[in-house]
Structures are given as C-alpha cells and as structure tokens.
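Contents: one structure, followed by commentary.
Derivation of every value follows stated rules applied to the coordinates shown; laboratory data play no part. Keep in mind that this is a model prediction, so the values were computed, not measured. Every residue, glycine among them, receives a Cβ derived from its backbone with ideal geometry; neighbour counts consider all protein chains shown.
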Amino acid sequence: MSIQDKEFSLEAVPQSSRKGFWNILAVMLSLSFFSASMWSGGTLGEGLSFTSFILIVLAGNLILGLYTGALAYIAAKTGLSTHLLARYAFGKKGSYITSFLLASTQVCWFGVGLAMFAVPVSVATGINVFVLIGVFGALMTISSIFGLKALAILGFISVPTIALLGTYSMTDAVNSMGGMESLLLYEPAQSMSIALALTICVGSFISAGTLTPDFTRFAKSTKSAVSSSIIAFFLGNSLMFLFGAVGAMAFGIADISEVMLLQGLMIPAIIVLGLNIWTTNDSALYASGLGFANIFKLPKKYIVVFNGILGTIAAMWLYNNFVGFLTLLGSALPSIGAIILADYFLVRRGKYAAYGTMEFKSLNHVAIVAWIAGVALANFVPGIPPLNALIGTIIIYTAGMKLAASKETSAVQLTTKDEVVRDY
C-alpha cells in the first residue's frame, strides 16, 4: 500500500489519526441527511396520519440507530472499515465478494444521485442536463478525494443549511394547512399498513448504514462513535423524513424539491437538493473507494477518481434504468452487516486478533450460506424485509459457526483416538 494513503484503506486507523466527537458527528449527520429519506418521508406522509408517522419514524430510526451504533462500536474498537472487518467473518477472498457488492452499489447510487440533482435543476434553469452532470460530477469527485476531512467540512456546511431551509419549508407547509391543529388532524386518502411503513423507513437507509464503519473507524472512542451514529439517525434521518412528510401532507407531493418550487423557493430548493445529494454522493464515492481498495490493493484516492468518472458518464443511464435493480441489490447489503455483528459479538465475543497479525481464512462458507439465506428472507418471506434479513442472518450465521466448530472439535477428537489406537 502506498505510504501516501492517509485514509488507511488497507489497515487499521491508528489512534494518532483519530478524530473527535464533533468531526464524526458532522460526517454521520451529512451521511444521514439523505435525499431518499425525504422522498421516503413524503411517501409515508401520503399514507399515514401525522401521529402514526411520528411513531413509525421513531421506531424505524431506533432500529437503524441500534444497527449502525453496533457497527460503529466495532469500527472504533478495531479501527477497521466494513471491508476489512468482513475478512474476519467471510475470509479474505470472501470479503472481495462483499466489497464488490458494497462498492458497486455505491458507485451506481453516485450516478443516480447526480442525475436526481441535475434533472430538476435543468428543468428549473434551462441549463443542459449533461453539462450539469459533468460539472457537478467533477466537483463531487474532487471533494471526495480529500477523504474524511472534506466530508467533515461539507457536513459542517450542509447540515445546518439543509436543516434551516427544510424547517422553513415545513413551517410554510404547516401554515398552508391551517396550522398545527390541522396537521395533527390530517388523515391520508389511502392508508398504508404499519409493516409497509416500517419497511420503507428502515429500508431507505439500512443498506448505506452497513457502511457506517467506513466513517466511525476514525472515532477516538467507542462512546463517540456510537453516540454520533445514534444521534445522526434520531436527529438527521428523522428530520429528513419529517421535511418530506409534512410537504406531502400539505401539497400531496412526496418530492420536497417540487414542494419548494410550489412554495416559490426555487433557489432554496436547488441548494437543499444540491447539498443533500452532494454529501450523500461524497460518502458513496468514499465508501466505494475503500471497497475496491480491499480488492485491488490500490490507494483509495485513485479508485475514487475512476469511480467518479464512471458514475458521471453512466449517470443518466443509471437514472433511467437502474433504480429498481439497485433497490433489489440493496436488499443484499444488510445481511453483510448482520454477519459482521454476529461474528464479533456472538461468535468471537468481542475478541478480534489485531488486523496486522491475523491470518484469515480464504473463504468462510458458513458466512456465504448465511448471507444468501438472509437475502432470501428479505425478498421472499412475509414480514418486514430488513428485519427478516438482520434477525434471520444473525441466527443462521451464529448457529452455523457453532455447528462448524463442533464438527471440527469432533474431527480432532476422532483423529486423536485413531492415533492412540494405532500407537497401541
């Protein structure tokens, strides 16, 4: 690995390079200020009463907070990214599979997000959409090269800006409904089931949440890593859902950028959408760089540039053709996080050998089977898909590893007895 790689793509982050609570919180908040969460909030707003919406968002973000907080704890304890942590559970070559899935998904989402910003801005301003994609794709790629430092700076700028403009839009929407009393009395024209609502709330971010270790590995302590993750979801993600939902309840439109345009807030709409997608896309490129670095053993910054160019070139194609596939692919990611959690907390009891001294298996077949089973549970079993994947994968992996350990012990005992008999 190049000594110039200051993002520690292929090693644990040393304590000397760790960051304080506020830096990590800014990064995690910018990660949770996610455009899809606003649109998902709008979808919930069209199908739930305001009271039901609040309960669903609190429950969903509790699940997300616990999931990402647990991953953040492991990352801060070990200093390792999601991709390097995967080596303990999946094996060295097994981690290449997970890294490819995680990294490829993030590159695709970068392209989709880029087009999601360029298309409405082009409609509002008349600027050619491909010019906007090229310019903003280049700018997002450049800022992502600088790693966690750039993400923290962008977070300090974008988070309060989005919060202020979103609050203004939400307040205006409430006033247009007749005030808080009308909002509290709001009933949707067509109700949404609790299971579907919780699936939308949790599912909108659990795939990206699987990459939490990529950012929280820089935390100086497990306390700051866990608390910043939980705060980011209860504050950041809840706000995003709230902004989208209230606009949908007032105007019947799930897309907050369209709501802002109706409110006569074209410039704020562009700013909110731009900053929102910029922070998400930078995080996506950063995470994709770490994933492919695990496979190709190249410094992250070179991979980030390549991924940014690829995502920019393919942006409109991804926007028009790939969202459905990405959603399906996203259902494959929570099981990866579940296996990492089960391996660390349940199988190895929080005792990982230092990364530099660890000799990894080539491939852990139990992890692969558990991952496939988790994807199947998410897609084909009734219930709440993200929870099906998380709980089912944890149970299958833990049981599988204990069964494998039992067989190994039995094999060793049989070999020993056979040697004793032959010696006799």
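How do L48, L211 rank when sorted from fewest to most other Cβ atoms within 10 Å of their own Cβ?
Ascending Cβ contact count within 10 Å gives the list L48, L211.
Determine, from the Cβ-Cβ distance of T167 and V369 and an R0 of 41 Å, the FRET efficiency 1/(1 + (r/R0)^6), rounded to the nearest 0.05.
My answer for the efficiency is 0.30.
Name the residue farthest towards the positive end of the dipole of the range 129-284 from the options S227, I200, N175, assuming +1 on Cβ of Lys and Arg, -1 on Cβ of Asp and Glu, about the Cα centre.
Value computed over the given set: S227.
Between A219 and residues 5 or more places away or on another chain, which pairs have amide H atoms under 5 Å apart, with H built 1.01 Å from N, and which residues are they?
K19
Would you mind ranking S331, S122, S257, S37 so that the residue whose beta carbon has the fewest other beta carbons within 10 Å leads the list?
Fewest-to-most Cβ neighbours within 10 Å comes out as S122, S331, S257, S37.
With point charges of +1 on the Cβ of Lys and Arg and -1 on the Cβ of Asp and Glu, referenced to the Cα centre of the range 154-283, which listed residue (F215, L184, S158) lies farthest in the positive direction of the dipole?
Of the options given, the answer is F215.
Per residue of the range 366-383, what does 6.51 cos²θ - 1.76 cosθ + 1.60 with θ = phi - 60° give for ³J(HN,Hα)? Whole Hz please, x for Gly and Pro, Karplus curve as stated.
4, 5, 5, 5, 5, 5, 4, 5, x, 5, 5, 5, 5, 9, 10, 9, x, x
Ordered by residue, what ³J(HN,Hα) values in Hz, to whole numbers, does the range 64-78 give under the Karplus form 6.51 cos²θ - 1.76 cosθ + 1.60, where θ = phi - 60° and Gly and Pro are x?
Karplus-based 3J(HN,Hα) across the range 64-78 equals 5, x, 5, 5, 6, x, 5, 5, 4, 4, 4, 4, 5, 5, 9 Hz.
Just rank R87, R18, fewest to most, by other beta-carbon atoms within 10 angstrom.
Going from least to most buried by this count: R18, R87.
I'm a student and want to see the number: the projected area of the Cα convex hull of the range 15-423, averaged over all directions, in nm².
Directional mean of the projected Cα hull area for the range 15-423 stands at 21.2 nm².
Can you list the HN-Hα couplings for the range 47-60, worked out from phi with the Karplus curve (6.51, -1.76, 1.60; θ = phi - 60°), rounded to whole Hz and with x for Gly and Pro?
Ordered by residue, 3J(HN,Hα) equals x, 10, 6, 4, 5, 5, 4, 4, 5, 5, 5, 5, 5, x Hz.
For the range 15-423, what does the relative contact order come out to in percent, with C-alpha contacts under 8 Å and a separation of six or more?
On the way: 644 pairs, mean separation 138.2, N = 409.
Reported as a whole number, the value is 34 percent.
With +1 on each Lys and Arg Cβ and -1 on each Asp and Glu Cβ, how big is the dipole of the range 266-413 about its Cα centre, in debye rounded to the nearest 20?
Dipole magnitude for the range 266-413 comes out near 340 debye.
Assigning unit charges at the beta carbon (Lys, Arg +1; Asp, Glu -1) and nothing else, what dipole magnitude in debye, to the nearest 20, does the chain show about its Cα centre?
Its charge dipole is roughly 1500 debye.
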